[in-house]
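Peer 1: Attaching a single structure in structure tokens format; questions to follow.
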Amino acid sequence: MGHATAQDGVKLYYEETGTGVPILFIHEFAGDYRAWEPQLAHFGRRRRCIVYSARGYPHSDIPDDAASYSQELARDDALAVLDHLGIEQAHVVGLSMGGFATLHFGMAYPARALSLSVCGCGYGAEPDTREEFRALSLEVARNFETQGAAAFAEEYGSGPGRENFMRKDPRGWRAFVTRLAEHSDQGSALTQRGVQAGRPGLWDLEEAIRAIPVPTMIVSGDDDQRCLVPGLFLKQRIDRARLFIMPNTGHVLNLEDPALFNAVLEEFLADVEAGRA
């Protein structure tokens, strides 16, 4: 465990386990470095696994300037962690907000990625959902500021795409909400405004997405309605892409059905490392 330093001086908390080919995991908005524990337990047996908290999240710095939060900074923070650890190339795996960061990493720094796993990515990315998503993100930011994470966590954690998790694994869902309640009110609000509300839609990035040369896996849950069309959009535009739809699954893929998620990711990474992806 330790801290990597981003380009603008922000300290990013990270942990790692295992040895071998590196995997960098990037968490979603409602997660933090702890959200990937089922994957660390599985992949850490044979690979070097790295998790970190985004800026504004537990144990990382929480800048109070709104300009310190953006999609570009989220992308570059992933690079900063790899640079700090002296890792030239890694498999990059991200969920939701982390899935967008993974995709942007692949567009900007393809030489640093062995593969991309873009999971639960696409909410608010379609042209006709941009304004609705922006308004929702700003409302969520206000709720974190006015109610605080401790009070708002359960409402946010039971929102669209997370009902399956709550129903299938009540204990796991409760632990997920408990972690969310520990997040910074300010960090959460600024992340919603700068990263979530401010990010470009996928359709606006079509040319750059088509140019991604890295083996890419897109994973969506069949009950995560806002990510299904964007997932297909990515599959159809990235040459070396595969798409997997997890059945009876919502947004929190890696925690909701960790056994299936790990098996699908394991097969993809093995194909990449064997030159078959």
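Peer 1: Given the criteria touching a His at 6+ places or on another chain (Cβ under 6 Å) and more than 21 Å from residue 176 (Cα to Cα), does residue 112 qualify?
Peer 2: For residue 112, the condition - touching a His at 6+ places or on another chain (Cβ under 6 Å) and more than 21 Å from residue 176 (Cα to Cα) - is not met.
Peer 1: Let me ask another. Output the number of the condition that residue 107 fails; it satisfies all remaining conditions of (1) under 24 Å from residue 200 (Cα atoms); (2) touching a His at 6+ places or on another chain (Cβ under 9 Å).
Peer 2: Condition not satisfied by residue 107: (2).
Peer 1: Go through the range 62-108 residue by residue and tally those that are small (Gly, Ala, Ser), at pLDDT 95 or above, part of a helix (DSSP H, G or I) and over 15 Å from the mean Cα position of the chain (by Cα).
Peer 2: The qualifying residues number 4.
Peer 1: Quick one: residue 159 ticks every box in (1) among the small types (Gly, Ala, Ser); (2) without any contact (Cβ under 8 Å) to a residue 40 or more places away in the chain; (3) closer than 19 Å to residue 58 by Cα except a single one, so which number is it?
Peer 2: Going through (1) among the small types (Gly, Ala, Ser); (2) without any contact (Cβ under 8 Å) to a residue 40 or more places away in the chain; (3) closer than 19 Å to residue 58 by Cα one by one, residue 159 breaks only (3).
Peer 1: Which pairs have Cβ atoms under 8 Å, sit 6 or more apart or on different chains, and link a residue in the range 84-102 that is within 27 Å of residue 161 (Cβ to Cβ) and of a type in the set (Ser, Thr, Tyr) to one that is part of a helix (DSSP H, G or I) and modelled with pLDDT of 95 or more?
Peer 2: Taking only residues 6 or more apart or on different chains, the pairs are 102/78.
Condition check ((1) among the small types (Gly, Ala, Ser); (2) more than 16 Å from residue 99 (Cα to Cα)) across all residues:
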position	(1), (2)
218	no, no
221	yes, no
233	no, no
236	no, yes
256	no, yes
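Peer 1: Has the range 118-130 got at least one residue that is surrounded by 18 or more Cβ atoms within 10 Å (Cβ to Cβ) and part of a helix (DSSP H, G or I)?
Peer 2: Checked against the condition, which is being surrounded by 18 or more Cβ atoms within 10 Å (Cβ to Cβ) and part of a helix (DSSP H, G or I), the range 118-130 yields no hits at all.
Peer 1: In this structure, is residue 178 surrounded by fewer than 17 Cβ atoms within 10 Å (Cβ to Cβ), among the polar types (S, T, N, Q), under 20 Å from the mean Cα position of the chain (by Cα) and assigned to a helix (DSSP H, G or I)?
Peer 2: Taking the combined requirement at face value, the residue satisfies it.
Peer 1: Show me the helices (runs of 4 or more DSSP H) entirely contained within the range 222-277 in which 3 or more residues are exposed (fewer than 15 other Cβ atoms within 10 Å of the Cβ) and modelled with pLDDT of 95 or more.
Peer 2: Result: 258-273.
Peer 1: When the residues of the range 1-59 are narrowed to those that are of a type in the set (Phe, Trp, Tyr) and in contact with a helix residue (DSSP H, G or I) (Cβ under 9 Å, 6 or more places away or on another chain), which ends up surrounded by the most Cβ atoms within 10 Å (Cβ to Cβ)?
Peer 2: Filtering first and then ranking leaves 52.
Peer 1: Next question. Every residue in the range 65-108 that is over 18 Å from residue 134 (Cα atoms), surrounded by fewer than 18 Cβ atoms within 10 Å (Cβ to Cβ) and among the charged types (D, E, K, R), please.
Peer 2: 65, 83, 88
Peer 1: Of a type in the set (Asp, Glu), assigned to a helix (DSSP H, G or I) and modelled with pLDDT of 95 or more - does that describe any residue in the range 185-193?
Peer 2: Yes, the range 185-193 has at least one match.
Peer 1: Go through 159, 172 for me and flag whichever is at pLDDT 95 or above and either in a helix (DSSP H, G or I) or under 25 Å from residue 222 (Cα atoms) (or both).
Peer 2: 172
Peer 1: Residue 214 versus (1) at pLDDT 95 or above; (2) within 16 Å of residue 95 (Cβ to Cβ); (3) in contact with a helix residue (DSSP H, G or I) (Cβ under 6 Å, 6 or more places away or on another chain); (4) in a loop (DSSP other than H, G, I, E, B): which is the lone unmet condition?
Peer 2: (2) is the only condition that residue 214 fails.
The values are calculated or read from the model by the stated rules, or taken from the named source; none is laboratory data. Just so we're clear, the structure is a prediction, and the values are computed from it rather than from any experiment. Positions of Cβ are generated from backbone atoms using ideal geometry, with glycine treated the same way; all protein chains shown enter the neighbour counts.
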